[in-house]
Amino acid sequence: MRAVDLKVKAEIGTPASALYVNEHAAEPRDPGEDEAVVRVHAFGLNRMDIMQRQGQYPLPPGAPATLGVEFAGTVVRFGPKKHCHGDHLEEGDKVFGLVVGGAYAEYVTVSRFLLAKYADSAVSFDDIAGVPETWFTATQALHMIAGVEEKRPQSVLVHAGASGVGIALIQIASLYADEIFATVGSPEKVQFVQSLGKSVGAKVTGICYRTEDFADVIKAATNGRGVDVVVDFVGKDYFTRNIDVAAVEGRIVMLSLMSGREVYGVQLGPLLYKRLRIEGSTLRARPLEYQIRLKDTFTRAVWPHLQSGKFKNPVDKVFSWHQVDKAHEYMESNQSTGKILCLVD
Ligand SMILES: NC(=O)c1ccc[n+]([C@@H]2O[C@H](COP(=O)([O-])OP(=O)(O)OC[C@H]3O[C@@H](n4cnc5c(N)ncnc54)[C@H](OP(=O)(O)O)[C@@H]3O)[C@@H](O)[C@H]2O)c1
């Protein structure tokens, strides 16, 4: 089959121009009992792909060297079992999903329980390739870790609110919370997150962290109560203030550490007297059973809102996969404000 390969070794400094479509890559792995082979129609780009290209991403066990964790495509073949209990999939079905690696290819072999069935909807079949990584991550943070269905939050704070995951978080949080706060890096992004809030009928307060202290704004707006859920990607710079703005029995979900990973001089008292829970998480290295549960939660609680067009998943640019090098360069230029996708011919 054809697949995206590197002309040189994946190591620090390996440029995007090293990516190319290899016409004679290895054939897709034969599907096991509960697996399917999917003909990839489109794949989404993620920051970790750039890190992997540069040999900076520790691959989970069993991950192939080929890049790519999200795709849309058509089921072409199943493993020895034609039917699997509960998945209702047939050959020829349009699907989308996450995979531990290998989505930058003509075919990918994947657990059939990780596949979500695509149906005609407000999100096109091209664009759905950019949904799994960000939306499954946001579903994981709010549903599986913060438990928003069991314990509805009054208020949620989303850091990096205009990031891909932030955009998904704000929209999902709108189903559960009365008030959402979102930190962003510019006045334009403040406007963006507030209008995103309006589009889903939610009260979103954008806070530009360059000119305002989010802890002061939130404490003033909530009469000192704070927020029930914080979803953080920033780490070091926000750790103390996250604890400060968390309400009693608040939940802080940590998904990235973009400002650094070491914190000194933290007051631990509030952890006890506010009975806070702080939990970090990753997605790609999670066991298959967990990822299946996550996909099922997404399919039940979130997908209907994307399908109906209530939730939006902005796509910034679509490339042919023969220009995958240009797509990586574009992501690295930080100009995008939505997903970057590649179409596989
Ligand atoms: N743990 C997991 O399971 C998981 C899964 C997927 C993604 N992630 C992580 O989630 C993060 C968001 O991913 P994405 O694809 O949605 O990113 P993205 O769309 O590329 O957006 C990242 C945004 O974060 C903000 N930012 C960067 N450095 C910052 C800093 N030091 N302080 C404050 N804000 C900062 C910037 O926005 P502003 O201009 O507003 O500052 C930037 O545009 C990434 O770090 C990614 O690695 C984690």
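The values are calculated or read from the model by the stated rules, or taken from the named source; none is laboratory data. All values reported here derive from a predicted model rather than from experimental measurement. A quick note on method: Cβ atoms are made from the backbone with ideal geometry, for glycine too, and the neighbour counts reach across all protein chains shown.
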- Query: Taking interchain pairs and intrachain pairs at least six residues apart, which have beta carbon atoms under 7 angstrom, with the first residue in region 137-153 and more than 13 Å from the ligand (Cβ to nearest atom) and the second in a helix (DSSP H, G or I) and modelled with pLDDT of 95 or more?
  - Reply: His143/Thr297; His143/Ala301; Val148/Leu142; Glu149/His143
- Expected output for region 315-338 (first residue touching a residue at least 40 places away in the same chain (Cβ under 8 Å), partner in a loop (DSSP other than H, G, I, E, B), Cβ below 6 Å, 6+ apart or cross-chain) is Val315/Gly338; Trp321/Val344; Ala327/Leu45; Met331/Leu45; Gly338/Pro314
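Output the residues belonging to region 327-341 that are farther than 15 Å from Leu67 by Cβ and either charged (D, E, K, R) or modelled with pLDDT of 95 or more (or both).
Start the filter on region 327-341 by keeping residues that are farther than 15 Å from Leu67 by Cβ, which leaves 330, 333-339.
Those that are farther than 15 Å from Leu67 by Cβ and either charged (D, E, K, R) or modelled with pLDDT of 95 or more (or both): Tyr330, Lys339.
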- Mind checking whether some residue in region 121-129 is within 22 Å of the chain's Cα centre (by Cα), farther than 27 Å from Asp5 by Cβ and not hydroxyl-bearing (Ser, Thr, Tyr)? yes
- Query: Just wondering, is there one or more residues in region 264-279 that are surrounded by 13 or more Cβ atoms within 10 Å (Cβ to Cβ), in the same structural domain as Ala173 (by TED's automatic domain parsing) and of a type in the set (Gly, Ala, Ser)?
  - Reply: no
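Restricting to region 33-92, name every residue that is of a type in the set (Lys, Arg) and within 16 Å of the ligand (Cβ to nearest atom).
So in region 33-92, the residues of a type in the set (Lys, Arg) come out as 39, 47, 53, 77, 81-82.
Those that are of a type in the set (Lys, Arg) and within 16 Å of the ligand (Cβ to nearest atom): Arg47, Arg53.
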- Query: Would you say Thr240 is within 26 Å of Val99 (Cβ to Cβ) and either within 16 Å of the ligand (Cβ to nearest atom) or modelled with pLDDT under 95 (or both)?
  - Reply: no
- Scan (1) touching a strand residue (DSSP E or B) at 6+ places or on another chain (Cβ under 8 Å); (2) within 30 Å of Thr74 (Cβ to Cβ); (3) among the charged types (D, E, K, R); (4) away from the ligand (no atom under 16 Å from the Cβ) for the single condition Lys203 breaks and write down its number. (2)
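For region 167-182, which positions are within 20 Å of Ser336 (Cα to Cα) and in contact (Cβ under 8 Å) with a residue 40 or more places away in the chain? Quick ask: steps written out before the conclusion?
First, pick out the residues of region 167-182 that are within 20 Å of Ser336 (Cα to Cα): 167-171, 182.
Scanning region 167-182 gives Ile167, Ala168, Leu169, Gln171.
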- Task: Quick one: Thr109 ticks every box in (1) assigned by TED's automatic domain parsing to the domain that holds Lys203; (2) touching a residue at least 60 places away in the same chain (Cβ under 8 Å); (3) more than 16 Å from the ligand (Cβ to nearest atom); (4) of a type outside the set (Asp, Glu) except a single one, so which number is it?
- Result: (1)
- Mind listing just one residue for me: the one in region 280-315 that is exposed (fewer than 13 other Cβ atoms within 10 Å of the Cβ) and among the charged types (D, E, K, R) and, of those, nearest to the ligand (Cβ to nearest atom)? Glu289
- Note on the structure: So, first residue on the phi < 0 side of the Ramachandran plot in region 114-132, second residue of a type in the set (D, E, K, R) and in a loop (DSSP other than H, G, I, E, B), Cβ within less than 7 Å, six or more apart or across chains; the pairs are Lys117/Asp93
- Message: Quick check on Tyr330: is it loosely packed, with under 14 Cβ neighbours inside 10 Å and more than 10 Å from the ligand (Cβ to nearest atom)?
- Response: no
- Query: Is it the case that Ser186 is free of Cβ contacts under 8 Å to residues at least 60 places away in the same chain, surrounded by fewer than 24 Cβ atoms within 10 Å (Cβ to Cβ), farther than 21 Å from Leu255 by Cβ and assigned by TED's automatic domain parsing to the domain that holds His88?
  - Reply: no
- Task: Given the conditions (1) under 17 Å from the mean Cα position of the chain (by Cα); (2) part of a loop (DSSP other than H, G, I, E, B), report the number of the one that Asp49 does not fulfil.
- Result: (2)
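Please tell me if Leu67 is surrounded by 24 or more Cβ atoms within 10 Å (Cβ to Cβ) and within 30 Å of Leu6 (Cβ to Cβ). Walk me through how you get there before you give the answer.
Details: surrounded by 24 or more Cβ atoms within 10 Å (Cβ to Cβ): yes; within 30 Å of Leu6 (Cβ to Cβ): yes.
It is true that Leu67 is surrounded by 24 or more Cβ atoms within 10 Å (Cβ to Cβ) and within 30 Å of Leu6 (Cβ to Cβ).
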